[in-house]
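Right, one structure below, let's go through it.
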Amino acid sequence: MEILSSYSKGEPSPASGRMFTHSYETGDLILRSLARNVFDLFMDKTMLDFTIYPSILLLEREVVGIVASLMGGDENTTGSFTYGGTESIILAVKAARDKFRSSNPGVIPEIIIPYTGHPAFIKASRYLGLKPVLAKVNFDTMKVDIDNVSELITKNTAIIVGSAPNYPYGSIDDIKGLSELALDYNIWLHVDACLGGFTLPFLRDLGEEIPEFTFKLEGVSSISVDLHKYGYAPKGSSIILYRDRSLRRYQIFTYAGWPGYPLVNTTILSTRSAGPLAASWAILKYLGYNGYMNMTRKILKAKRDIIRDLNNLGLKIIGKPEASIVAFAAEDTNISVVSLELKNGGGVYSSIQGLSI
Ligand SMILES: Cc1ncc(COP(=O)(O)O)c(C=O)c1O
């Protein structure tokens, strides 16, 4: 324990509530101890073998069902619990690629990604042999330029991506526009709601104007939603959803041609702890609709306060912050000085962005 504390000396506490990014802290002590206890109960059970632990299937089915209903799904919507947004995204890209390949053998499939899309899509392209094609964004709205996406579509386009919202600016791409293109050209559309899946539906119910981005739009084939972001679940919790089973089947790997056990993997990882799944289930049940509404109400208030104060300071808001992210720039001030002052004010420095609040 001494060695551990010496190794982590000086690190920020994820529970401090002062982190710019990486930590999605509710401040709810009951939630935190519930997550820890449930995680502990399931920590040693492996999701590899759901024939030994049928509880894993029950928990996964319930968690997927809850997230599917948040994402405008119906009785056909299906999906899997994964260990993070990146895994959900790689699986969706793999499913789309394999579906495309089934009718277009021998071509290198292309994936159209908004310039603001998460690098997990580039990573998926590199892992899976797709050609990434970056689409421009409109600099006023910071949303993907639909006309540019339309120009970039070729007969090799296997998948189009939209973010709801993207990480850098918090803008929600025009998913309705992308959905229409996807239907016109019969192309898979993936919506990355890793960040927005657990805020946008509640922001809408709080009266905010949130454009449609879910399966309610007919062209949407798959959606990724992270539980370990605004679902407030432990790290290692995400959901990948498909419009129906015919799309999901491309993500599944099975093999019985060796002398060991028949391998059935619905996701990329095989042996993994059921702790994150069980803790996610418990947190969903504990917070429920009203709990998430309360959390989102606080986010909305914080966002409005931050925007008001940034305006008062003469800083410029980039795009239109429709979700929980506020991006800003300085026109007359050095933004690095702003960052330093925020840090001096008690914010926790983030080594990646160099910014803090
Ligand atoms: C919009 C978006 N998509 C995907 C991801 C990737 O998620 P993860 O870090 O869980 O793999 C992130 C992470 O920040 C994100 O913000």
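The values are calculated or read from the model by the stated rules, or taken from the named source; none is laboratory data. From a predicted model like this one, the values you see are computed outputs, not experimental measurements. Neighbour counts are summed over all protein chains in view; Cβ atoms, including those assigned to glycine, are modelled from backbone coordinates with ideal geometry.
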### Message
Looking at Asp244, Asp332 in this structure, which one is more than 30 Å from Gly27 (Cα to Cα) and outside the structural domain of Gly196 (by TED's automatic domain parsing)?
### Response
Asp332
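Please tell me if Ser69 is surrounded by 12 or more Cβ atoms within 10 Å (Cβ to Cβ) and either at pLDDT 90 or above or part of a helix (DSSP H, G or I) (or both).
For Ser69, the condition - surrounded by 12 or more Cβ atoms within 10 Å (Cβ to Cβ) and either at pLDDT 90 or above or part of a helix (DSSP H, G or I) (or both) - is met.
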### Query
Among the strands (runs of 3 or more DSSP E) contained in the range 227-295, which hold 1 or more residues that are closer than 22 Å to Phe213 by Cβ, under 17 Å from the mean Cα position of the chain (by Cα) and in contact (Cβ under 8 Å) with a residue 24 or more places away in the chain?
238-242
## Note on the structure
Condition set of a type outside the set (Gly, Ala, Ser), without any contact (Cβ under 8 Å) to a residue 40 or more places away in the chain and part of a loop (DSSP other than H, G, I, E, B), scope the range 175-207, selection surrounded by the most Cβ atoms within 10 Å (Cβ to Cβ): answer is Ile187
## Note on the structure
Picking from Ile146, Ile160, Ile153, Ile122, the residue that is crowded, with 22+ Cβ neighbours inside 10 Å, modelled with pLDDT of 95 or more and either in the same structural domain as Gly231 (by TED's automatic domain parsing) or touching a helix residue (DSSP H, G or I) at 6+ places or on another chain (Cβ under 8 Å) (or both) would be Ile160
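For Leu41, are the conditions met, namely being over 30 Å from Ile325 (Cα atoms) and either within 16 Å of the ligand (Cβ to nearest atom) or assigned to a loop (DSSP other than H, G, I, E, B) (or both)? Walk me through it before giving the result.
On the way: over 30 Å from Ile325 (Cα atoms): yes; either within 16 Å of the ligand (Cβ to nearest atom) or assigned to a loop (DSSP other than H, G, I, E, B) (or both): no.
Judged against the criteria, Leu41 is not a match.
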#### Entry: One residue from Ile172, Ile210 being crowded, with 22+ Cβ neighbours inside 10 Å and either assigned by TED's automatic domain parsing to the domain that holds Lys316 or within 16 Å of the ligand (Cβ to nearest atom) (or both)
Ile172
### Task
Just name the residue that is farthest from the ligand (Cβ to nearest atom) out of those in the range 72-92 that are touching a Phe, Trp or Tyr at 6+ places or on another chain (Cβ under 7 Å) and assigned to a helix (DSSP H, G or I).
Ile90
### Query
Looking at the range 94-115, is at least one residue β-branched (Val, Ile, Thr), in a strand (DSSP E or B), touching a Phe, Trp or Tyr at 6+ places or on another chain (Cβ under 8 Å) and assigned by TED's automatic domain parsing to the domain that holds Gly197?
yes
### Query
Can you spot a residue in the range 120-131 that is within 16 Å of the ligand (Cβ to nearest atom) and touching a Gly at 6+ places or on another chain (Cβ under 8 Å)?
yes
## Note on the structure
Those residues of the range 280-305 which are over 19 Å from Val64 (Cα atoms), loosely packed, with under 15 Cβ neighbours inside 10 Å and among the basic types (Lys, Arg) amount to Arg297, Lys298, Lys301, Arg304
### Task
Run Thr116 past the list (1) within 14 Å of the ligand (Cβ to nearest atom); (2) closer than 26 Å to Asp244 by Cβ; (3) among the β-branched types (Val, Ile, Thr) and report the number of the one that doesn't hold.
(2)
